[in-house]
Amino acid sequence: PKPEDLKTADDLKKINYGMLTSDDHSFILSVLKRARASEPEHTYVFTIIDTYGADISMYSAQRFQAFFIAHLIREFLTIPIRTVSLILGEGGSGGALAIQVTDIRGQMDDALYATAPPESMASIVFRDPNRIHDALSVLKPTARELKSLGVIDRIVPSPEDVTNLDGFSKNIEQFLTKAIKDLSRSRIKKLIKKRETKAKKYGLYKKTGPFHDIKRYIEKPLKAFRKPPPDIKIVSHHTPIEVVDHYGEIQQKEPDSEFVECGAGRGGNRQKGCGKLIPLKSFLENYNVCPECGFSYILDASGWIDCLADPGTFHELYKNLTVDQLLEEESITNYYKDFLAKQEGRSQFKECLVVGSARIHRFRVVMAISEFYFCGGSMGVVFGEKFRRAVDYAIQENIPFVSLCCSGGARLYEGISALMQMVKTIESVNRLKRHGLLYISILADPSTGGAIASYAALGDVTIAEPGALVIFAGPRVMAARGFEVQEEKVRSDSLHKFSKEIYRDLDYYHNIRGIQEIATRKEMKFTVAKYLDLYCRVKPKIRKPPKKKKRAKTVASIL
């Protein structure tokens with residue numbers, strides 16, 4: 001449609017802002033599959049991007065939209081074909097990223113490419129939709145800014161008149177012709193290696209000193225934590241007797257003991273739950289789950305470590321890696337500094353990803369656990385770099401990798417750098433799989449945004465806790481955009497049941513297999529150990545080549 005035809009909101013809805021559905025993503029995977037079967041030396045893939053983001057309707061969400069995005073990024077990282085992309089008007093979030101990870105990445109000089117639309121950024125970060133200028137300063141969405149960050153490679157000039165189609169066509173033709181000519185000079189294996197190198201570097205912008213000088217911190221084994229979450233309301237009782245709601249029932253309570261009212265939060269926030277008083281000790285021993293009704297609070301990283309690792313076996317890695325070690329000082333805005341300062345005291349960890357080596361029922365593993373109570377478990381540059389290093393350590397030690405996703409998505413305060421961590425973590429998973437190491441992905445509540453649309457969707461085995469929210473865009477975002485919300489359909493229990501349907505339509509889902517198993521927090525350790533045991537039984541033993549014996553020199557050979 002022409003710009004003059006788009007006069008009302010209804011007119012805009014008709015074009016859907018270019019948002020790709022799960023059907024569209026499935027079709028793209030099919031096209032790439034056919035491209036793989038063609039002659040790689042004479043085939044090129046060219047993607048043109050102009051989208052507000054991926055489709056966030058219930059239709060796509062139920063069909064594992066987030067998983068499709070992760071698998072598309074992985075496909076573009078590994079496909080043995082030369083690829084080119086061009087952001088034509090707008091590149092929005094993971095919907096654009098899914099088809100933008102190419103060998104040569106172009107952007108029109110007046111196009112925007114960002115983690116989130118400026119209006120959304122202003123509303124979420126600054127709580128004011130009118131602060132567009134401040135949002136743009138964080139997002140850095142222009143072609144010139146993105147090129148300096150290594151997100152795109154080339155800037156394509158736009159004609160002054162946006163209706164000048166001939167001018168657009170000529171400039172795009174010149175860009176594409178040069179891109180194909182340049183790519184034809186490089187071998188495909190070398191191009192794939194370059195893709196991996198680019199992915200590893202996302203978020204490493206500090207210019208002072210070589211990055212590898214940052215030490216790896218291995219701490220002493222961490223003991224059991226069992227600390228209550230910061231948002232929970234703890235009730236203290238100074239009387240040995242309490243009369244409950246049910247007439248005639250009396251519960252004996254220990255004097256001066258602490259309890260949790262199931263479903264209650266600080267500040268009067270009321271969630272679901274049965275409302276009964278649960279002894280704090282019992283609540284923590286049950287991993288923040290009410291033993292009466294099963295209502296669960298979000299479990300922090302320390303709780304998940306207690307839940308999964310054998311006591312005293314978890315050794316934290318890279319504990320002291322922080323944002324200021326990776327980003328230039330001018331990239332860390334005062335808004336971001338204030339936000340980070342507010343996280344102090346909410347968690348004992350310094351970042352939202354905790355990585356370390358551990359044992360699960362005696363099986364050695366590397367663990368990467370999201371810390372939701374630090375910045376909502378949001379993916380930023382530290383998250384991506386710690387994940388990459390943890391994978392490197394797993395490869396070095398030749399042991400399985402276990403991740404636990406409990407995240408709200410990309411960290412908007414870091415702009416496009418946060419979005420690119422999706423590519424970085426997916427590249428890391430690719431290396432795990434190339435080395436034949438088992439990767440178990442655990443989905444906790446919530447598993448949303450860029451986290452579920454990247455590493456968390458690529459497990460060899462995917463396990464979820466009951467009732468976990470598993471969706472790319474959260475229900476509040478969907479409702480704000482006018483989409484119907486049926487939250488129960490994107491909870492883990494429903495998606496697990498739907499996963500059985502995948503096998504009836506493998507041509508549609510390709511390598512996506514959904515959620516294989518649901519396990520409670522009490523059963524999660526056993527469930528993970530079951531797959532570790534199977535892997536250890538069937539994996540081929542790596543035999544080191546025998547050392548060549550040095551032959552003794554004879555007198556004849558010397559002569």
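The values are calculated or read from the model by the stated rules, or taken from the named source; none is laboratory data. Quantities reported herein were computed from a predicted structural model and do not represent experimental measurements. Every residue, glycine as well, gets a Cβ built from its backbone with ideal geometry; the counts of neighbours run over all protein chains shown.
Assorted remarks:
- The residue pairs whose first member lies in the stretch 46-71 and is acidic (Asp, Glu), whose second member is part of a helix (DSSP H, G or I), and whose beta carbons are closer than 8 Å, counting only pairs six or more residues apart or on different chains, are Asp50/Gly18; Asp55/Asn16; Asp55/Ser22; Asp55/Asp24; Asp55/Gln65; Asp55/Gly95.
The rows are residues; the columns are (1) buried (at least 24 other Cβ atoms within 10 Å of the Cβ); (2) of a type outside the set (Val, Ile, Thr); (3) at pLDDT below 95; (4) over 20 Å from Gly514 (Cα atoms).
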| site | (1), (2), (3), (4) |
| --- | --- |
| Glu385 | yes, yes, no, yes |
| Arg389 | no, yes, no, yes |
| Gln396 | no, yes, no, yes |
| Cys405 | yes, yes, no, no |
| Leu419 | yes, yes, yes, yes |
| Met422 | yes, yes, no, no |
| Ile426 | yes, no, no, no |
| Leu438 | no, yes, no, no |
| Ser441 | yes, yes, no, no |
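- Single condition Val138 does not satisfy, out of (1) crowded, with 16+ Cβ neighbours inside 10 Å; (2) modelled with pLDDT of 90 or more; (3) assigned to a helix (DSSP H, G or I): (2)
Condition check ((1) over 14 Å from Ala96 (Cα atoms); (2) in contact with a helix residue (DSSP H, G or I) (Cβ under 7 Å, 6 or more places away or on another chain); (3) of a type outside the set (Val, Ile, Thr)) across all residues:
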| position | (1), (2), (3) |
| --- | --- |
| Met19 | no, yes, yes |
| Lys33 | yes, no, yes |
| Arg36 | yes, no, yes |
| Glu39 | yes, no, yes |
| Val45 | yes, yes, no |
| Ile48 | no, no, no |
| Ala54 | no, yes, yes |
| Ala61 | yes, yes, yes |
| Glu75 | yes, yes, yes |
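- Any hit, the stretch 390-402, residues being under 20 Å from Tyr318 (Cα atoms) and part of a strand (DSSP E or B): yes
- All of Phe211, Phe225 fail the test of being modelled with pLDDT under 95, under 24 Å from the mean Cα position of the chain (by Cα) and outside the structural domain of Gln325 (by TED's automatic domain parsing), apart from Phe211.
- Residue that is surrounded by the fewest Cβ atoms within 10 Å (Cβ to Cβ), among those in the stretch 452-471 that are within 10 Å of the chain's Cα centre (by Cα) and closer than 17 Å to Asp55 by Cα: Ile452
- Residues that are surrounded by 19 or more Cβ atoms within 10 Å (Cβ to Cβ) and either assigned to a helix (DSSP H, G or I) or in contact with a Pro (Cβ under 7 Å, 6 or more places away or on another chain) (or both) within the stretch 509-526 comprise Tyr509, Ile518, Arg521, Met524, listed in sequence order.
Yes or no, residue by residue, for (1) assigned to a helix (DSSP H, G or I); (2) buried (at least 21 other Cβ atoms within 10 Å of the Cβ); (3) not β-branched (Val, Ile, Thr):
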position: Asn130; (1), (2), (3): no, no, yes
position: Ser158; (1), (2), (3): no, no, yes
position: Val162; (1), (2), (3): no, no, no
position: Gln174; (1), (2), (3): yes, no, yes
position: Thr177; (1), (2), (3): yes, no, no
position: Arg185; (1), (2), (3): no, no, yes
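- Each residue in the stretch 362-378 was checked for being surrounded by 15 or more Cβ atoms within 10 Å (Cβ to Cβ) and on the phi > 0 side of the Ramachandran plot, and 3 of them qualify.
- Summed over the stretch 76-120, the residues that are surrounded by fewer than 21 Cβ atoms within 10 Å (Cβ to Cβ), at pLDDT 90 or above and either in a helix (DSSP H, G or I) or of a type in the set (Phe, Trp, Tyr) (or both) give a count of 2.
- If you go through the stretch 30-55 and pick out every residue that is small (Gly, Ala, Ser) and either under 30 Å from Gly474 (Cβ atoms) or part of a helix (DSSP H, G or I) (or both), you end up with 4.
- Within the stretch 330-348, the set of residues being among the hydrophobic types (A, V, I, L, M, F, W, C) and either part of a loop (DSSP other than H, G, I, E, B) or surrounded by 13 or more Cβ atoms within 10 Å (Cβ to Cβ) (or both) comprises Ile332, Phe339, Leu340.
- On inspection, Tyr44 fails the criterion of being outside the structural domain of Ile452 (by TED's automatic domain parsing), among the hydroxyl-bearing types (Ser, Thr, Tyr), over 21 Å from Ser186 (Cβ atoms) and surrounded by fewer than 24 Cβ atoms within 10 Å (Cβ to Cβ).
- Scanning the stretch 141-155 for residues that are among the hydrophobic types (A, V, I, L, M, F, W, C) and assigned to a loop (DSSP other than H, G, I, E, B), we see that the one that is modelled with the lowest pLDDT is Leu149.
- Flag if Ala464 is modelled with pLDDT of 95 or more and either closer than 21 Å to Asp300 by Cα or assigned by TED's automatic domain parsing to the domain that holds Ala368 (or both): yes
- Identity of the residue in the stretch 187-208, exposed (fewer than 15 other Cβ atoms within 10 Å of the Cβ) and not in a helix (DSSP H, G or I), that ends up modelled with the lowest pLDDT: Thr208
- Candidates Asp109, Asp128 - the one that is touching a residue at least 40 places away in the same chain (Cβ under 8 Å) and more than 16 Å from Leu419 (Cα to Cα): Asp109
- Residues located in the stretch 472-492, provided they are crowded, with 24+ Cβ neighbours inside 10 Å, closer than 16 Å to Ala54 by Cα and over 12 Å from the mean Cα position of the chain (by Cα): Ala473
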